[in-house]
Amino acid sequence: MSVYTRFTSSLLFPLHERLKGHSTVAVRRELERTQWLAPQQLAELQLRRLNQLLQDAQRHVPYVRVMLAGLGLDCSGGDGLRELADLRRLPFLSKALIREHTAGLKSERGRPLARGNTGGSSGEPLIFFLGKERVSHDVAAKWRATRWWGVDIGDPEMVVWGSPIELGSQDRVRWLRDRLFRTELLPAFEMSPAKLDGFIAAIRRKRPRMLFGYPSALSLIARHARERGVALDDLGLKVVFVTSERLYDEQRALITSTFGCPVANGYGGRDAGFIAHECPAGGMHLTAEDVIVELVDAAGQPVPAGQAGEIVVTHLASRDFPFIRYRTGDVAVLDERSCACGRGLPMLKEIQGRTTDFVVSADGTVMHGLALIYILRDLAGLRAFKVVQHSRLRTEVLLVPEAGFDRGLSAHIIEASKSVSARRWRSSCSSSSRLRRKSRASSATSSAMHSEHLKESRIQHA
């Protein structure tokens, strides 16, 4: 570890987190202790923290108070649940319920909350809120996983990303912070040959110790570097972190061979939290101290060991806006083995998750599908959406509006799409109250949407 990295990780970043009112440093230290606990000890820790969450939520969160009263449960007196399996007595929390009861899910303590949103490949936009406790735990969990790989905050890092939360924050304060932490952001939305050449040149110039980004985008960069005959395995990279999408074996092999270092897979979301991360021994470890993960079938019942099921998450650090038995819509398989690394944290054997595709403009420029998704997911009054690219010249956006949705936003969506692509293609924006979910097969991994009797209005992009 360099002197600057040690200074950043031990002094600069802790100061940064303290000024934001976060307890990240203390949480990370505790996580680095509890990761070595035996499975039974971890289960006891989970049960204790679960009861603390329920007790606090019953006292201060209207939605949970009403829910527990309806079940005849009283967790406020310290009795709580007797075993983790009792968690199944509580109902699931869906995206629809969060949208319906957003105000009732906020703690009456009135502590500061950060607004979060998600939508991703599910096509179901969701607005929720995060307290400082929750943010501290998620950042600490990611920090712990980063350190597993021999790198730390302050090591040179390049982030191949595309969320407007990141890309829209490049003001002077953000620029200074990234400079201090030696982080450089590469916007992943447009992946034209010229852009890819620029990304490769930037990576060679910076010589980062770690890369972070979408596996699809990093695979494109790796493949383009090979086609150009540019070496990227001589830069001293220690690890490539990937997240946000399913990682395929061929992507892992291509990235590993091109960059000359291992790939570390991560799984989580803004809503569900930092759920799991891969260690150098290959184990996909759950953040069990903070997150209880259940796998259920289509009927909501626990699946047998080794069988795929939908991931249901209870985040134990979410007292300000509780996520209790939250249905993620993603699919995974639990791993019953112990990891060779010696950590007692349980593992996922397989994450089927969801896949986010690329879109291609008329001139062949490849753009990440999230470029369009991010335009839609934060629009008020939009219950669901689907983006369909029929050809290079025509992309269709299907909307399911709710009461209060501004129909005039169709023009905004088309203009925003045009500004993202900056290239000529044909777009149509349609709405329907009868856009319905495709029934999920036992092995389904996506939540594709179908439409019926849609009225279309097409605008030619110039």
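At a glance:
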item	result
Condition broken by Asp138, with the remaining ones in (1) out of contact with any Phe, Trp or Tyr (no Cβ under 7 Å at 6 or more places or on another chain); (2) within 20 Å of Val313 (Cβ to Cβ); (3) of a type in the set (Asp, Glu); (4) modelled with pLDDT of 95 or more satisfied	(1)
Selection count where residues are of a type in the set (D, E, K, R), closer than 23 Å to Leu53 by Cα and either in contact with a His (Cβ under 7 Å, 6 or more places away or on another chain) or not in a strand (DSSP E or B) (or both), scope the stretch 318-337	3
Given (1) over 29 Å from Asn265 (Cα atoms); (2) assigned to a helix (DSSP H, G or I), number of the condition Thr146 does not satisfy	(1)
Test for Pro304: is it surrounded by 24 or more Cβ atoms within 10 Å (Cβ to Cβ) and of a type outside the set (A, V, I, L, M, F, W, C)	no
Qualifying residues in the stretch 179-226 (those that are assigned to a loop (DSSP other than H, G, I, E, B) and under 26 Å from the mean Cα position of the chain (by Cα)) - the one nearest to Leu12 (Cα to Cα)	Arg182
When residues of the stretch 150-176 are limited to those that are at pLDDT 90 or above and charged (D, E, K, R), the one farthest from Phe199 (Cα to Cα)	Asp152
Sole residue being touching a Leu at 6+ places or on another chain (Cβ under 9 Å) and closer than 28 Å to Ala145 by Cβ, chosen from Ala26, Ala43	Ala43
Selection within the stretch 91-107 - out of contact with any Pro (no Cβ under 6 Å at 6 or more places or on another chain), surrounded by 12 or more Cβ atoms within 10 Å (Cβ to Cβ) and either farther than 16 Å from Glu310 by Cβ or hydroxyl-bearing (Ser, Thr, Tyr) (or both)	Ser94, Ile98, Arg99, Glu100, His101, Thr102, Leu105, Lys106, Ser107
Meets criteria (at pLDDT below 95, in contact with a helix residue (DSSP H, G or I) (Cβ under 9 Å, 6 or more places away or on another chain) and among the basic types (Lys, Arg)) for Arg209	no
Met67, sole failed condition from (1) farther than 23 Å from Glu310 by Cα; (2) surrounded by 15 or more Cβ atoms within 10 Å (Cβ to Cβ); (3) at pLDDT 95 or above	(1)
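Yes/no matrix, rows are residues, columns are (1) over 27 Å from the mean Cα position of the chain (by Cα); (2) modelled with pLDDT under 95:
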{"position": "Arg6", "(1), (2)": "yes, no"}
{"position": "Ala57", "(1), (2)": "no, no"}
{"position": "Cys75", "(1), (2)": "yes, yes"}
{"position": "Leu105", "(1), (2)": "no, no"}
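The values are calculated or read from the model by the stated rules, or taken from the named source; none is laboratory data. Because the structure is a prediction, the values reported are computed rather than measured. Positions of Cβ are generated from backbone atoms using ideal geometry, with glycine treated the same way; all protein chains shown enter the neighbour counts.
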